[in-house]
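Data first, discussion second: the structure below is written as structure tokens.
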Amino acid sequence: MVAYVLNFIINIKSNELSKFKRMKYFKFLLVGIFFGIVLVKSEAVSWYRIYEMFRFQSFHMYGIIGTAIATGVLFLQISKKGFVKSLKGSDIFVPKKEKGFSRYIIGGSIFGLGWALIGACPGPMYILLGTGVYSMIIVILAAILGTFIYGVLKDKLPH
Amino acid sequence: MESILNPWPWYVSGPLISVVMALLLYFGKTFGMSSNLKTLCTIIGADKFSSFFKTNWKEQSWNLTVVVGAIIGGFIAVQFLSNDSVTNLNPQTITELKEMGFKNSGATLVPNEMYSLEAISSPKGLLLLIIGGLLVGFGTRYAGGCTSGHAITGLSSLQKPSLIAVIGFFIGGLIMANFILPYIFKVS
């Protein structure tokens with residue numbers, strides 16, 4: 001009987017725990033869904049918009065990136081003053097990027113070449129898959145392989 | 001309703017993207033989509049080949065959850081939140097692309113000339129997507145981030161490395177769009 005009750009309590013507890021864990025992930029799922037919707041509706045996932053941007057033939061993408069950064073700067077300046085805290089009550093924190101030059105300019109240029117070719121960066125790749133562009137699977141698999149090649153060659157590259 | 005179904009203007013979309021960044025920071029995480037490629041490498045077993053991938057991927061499972069959400073979000077956006085509107089491209093862009101062999105520019109999100117089953121069935125088409133993917137995967141990890149990590153988060157927090165990276169993105173992008181793409185799609 002005692003064992004039964006104990007077992008019952010433990011079961012409730014572990015159920016509560018897994019529910020809590022599911023909640024923890026649920027909010028990230030919602031953020032992802034929101035991200036996907038915004039990027040489709042903004043046309044930022046359009047191959048044509050990326051091409052147009054790199055041909056300086058439209059303001060659209062510059063407007064999106066510019067206002068995103070401007071709002072982001074504003075948010076981070078306000079949170080720096082302590083007006084916004086994280087969910088856990090600590091300060092909003094953006095990790096500092098390592099100092100360097102070569103890795104950013106070379107790595108950035110290599111990414112830029114790919115971005116303008118396939119018209120999608122690592123977020124839109126998944127979003128486009130969701131919109132029904134199934135051939136994007138090829139790009140995603142190649143991108144995983146590209147990341148793997150970097151990891152293997154890392155120590156031989158200038159950073 | 002019409003304003004939701006139509007494409008959203010840049011001054012609405014831009015701030016909404018920074019809401020994604022702000023929400024993730026509020027949850028104690030950092031916005032960075034290319035990190036998922038590294039996590040996927042680790043899951044597949046890349047840690048056996050390079051110590052770079054020796055990380056506890058479970059700590060990144062929140063980010064993979066964002067990816068799953070993004071796929072669902074893309075589905076919802078085209079199925080329920082869109083009409084038949086065509087991307088309002090610059091007429092000059094459309095003319096230019098036509099000369100390169102791209103028909104119906106803006107009618108779809110990605111050109112059929114690159115992404116349709118027919119296109120990827122040709123060796124050239126398949127090779128283009130593979131090379132593009134390789135460049136994106138290699139370049140983002142080398143630069144330590146992509147558009148979300150450097151252009152949005154890095155520049156919003158006024159970090160110099162991110163500015164250098166974004167300049168790099170544009171060097172590569174300008175070279176591809178202006179000099180290499182016309183060559184690849186040269187109509188002979």
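Solvent-accessible area per residue for the protein assembly as shown at a 1.4 Å probe radius, Å²? Display every interim value, and only then the final one.
Values: 16760 Å² over 347 residues.
Per-residue accessible area for the protein assembly as shown comes out at 48 Å².
Interface size between chain A and chain B, please: total buried accessible area, 1.4 Å probe, rounded to the nearest 100 Å². Before the final figure, lay out the partial values.
Working: alone 13160 and 13750 Å², together 16760 Å².
Rounded to the nearest hundred, the buried surface is 10200 Å².
For chain B, count all C-alpha to C-alpha pairs, find those more than 29 Å apart, and express that count as a whole percent of the total. Walk me through the numbers before you get to the answer.
On the way: 6326 of 17578 pairs.
Result: 36 percent of Cα pairs exceed 29 Å.
Over the Cα atoms of the stretch B:46-157, what is the Rg over Rh ratio if Rh follows Kirkwood? Can you show the working numbers first?
On the way: Rg = 18.4 Å, Rh = 17.8 Å.
Reported Rg/Rh, Kirkwood definition of Rh: 1.04.
Of A:K41/A:K80; A:K99/B:K48; A:K88/B:K160; A:K97/B:K54, which pairs sit farther than 22 Å apart, going by alpha carbon to alpha carbon? Could the numbers behind the result be given before it?
Working: A:K41/A:K80 31 Å; A:K99/B:K48 28 Å; A:K88/B:K160 29 Å; A:K97/B:K54 20 Å.
With Cα atoms farther than 22 Å apart: A:K41/A:K80; A:K99/B:K48; A:K88/B:K160.
Sorted by accessible area (1.4 Å probe), largest first, how do B:M33, B:M1 line up?
Numbers: B:M33 0, B:M1 145 Å².
Order by accessible area, largest first: B:M1, B:M33.
Can you give the relative contact order of the stretch B:78-125 as a percent, counting alpha carbon pairs under 8 Å and 6+ residues apart? The partial results should precede the final answer.
Working: 24 pairs, mean separation 12.8, N = 48.
That works out to 27 percent.
With the Cα gyration tensor of the stretch B:116-188 in hand, give its eigenvalues times 5 under a square root as the equivalent ellipsoid semi-axes, listed largest first in whole angstrom. Display every interim value, and only then the final one.
Values: eigenvalues 175, 40, 15 Å².
The three semi-axes for the stretch B:116-188 are 30, 14, 9 Å.
Once ligands and nucleic acids are excluded and a 1.4 Å probe is used, how much of A:S102 is accessible, expressed in Å² to the nearest 10?
40 Å²
Taking the Cβ of B:T153 as the centre, find all other residues whose Cβ is under 15 Å away and add up their charges (Lys, Arg: +1; Asp, Glu: -1).
+4
From largest to smallest, what semi-axes in whole angstrom does chain A give when each is the square root of 5 times an eigenvalue of its alpha carbon gyration tensor? Please list the in-between numbers first.
Working: eigenvalues 290, 104, 86 Å².
Semi-axes, largest first: 38, 23, 21 Å.
Please report, for the Cα atoms of the protein assembly as shown, the Rg to one decimal and the Dmax as a whole number; what are they, in angstrom?
Here Rg and the maximum Cα pair distance are 20.9, 85 Å.
Working only with C-alpha atoms, what are the Rg and Dmax values of the stretch B:21-104, expressed in angstrom?
Over the stretch B:21-104's Cα set, Rg and Dmax evaluate to 19.4, 51 Å.
Could you check how much of the accessible area of chain A is carbon and sulfur, as a whole percent, using a 1.4 Å probe?
Accessible surface attributable to carbon and sulfur in chain A totals 70 percent.
Would you mind telling me which residue in B:G133, B:G154, B:G32 has the biggest mean-square fluctuation in a Gaussian network model of chain B, where springs connect alpha carbons within a distance under 10 angstrom?
B:G133
Calculated from DSSP H runs of 4 or more alone, at -39500 (n - 2.57) each and per residue, what is the 222 nm mean residue ellipticity of the protein assembly as shown, nearest 500?
After summing the helix terms and dividing by the residues of the protein assembly as shown, the value is -20500 deg cm²/dmol.
Return the tail of the calculated pair distribution for the stretch A:43-103, meaning the percent of Cα-Cα pairs more than 20 Å apart. Spell out each step's value before the answer.
Numbers: 987 of 1830 pairs.
When every Cα pair of the stretch A:43-103 is considered, 54 percent fall beyond 20 Å.
The values are calculated or read from the model by the stated rules, or taken from the named source; none is laboratory data. Keep in mind it's a predicted model, so treat the numbers as computed, not measured. Counting neighbours? That spans all protein chains shown, and the Cβs are built from the backbone with ideal geometry, glycine included. Only protein heavy atoms, including side chains, enter the accessible area calculation; ligands, DNA and RNA are left aside. Shrake-Rupley method; radii C 1.70, N 1.55, O 1.52, S 1.80 Å.
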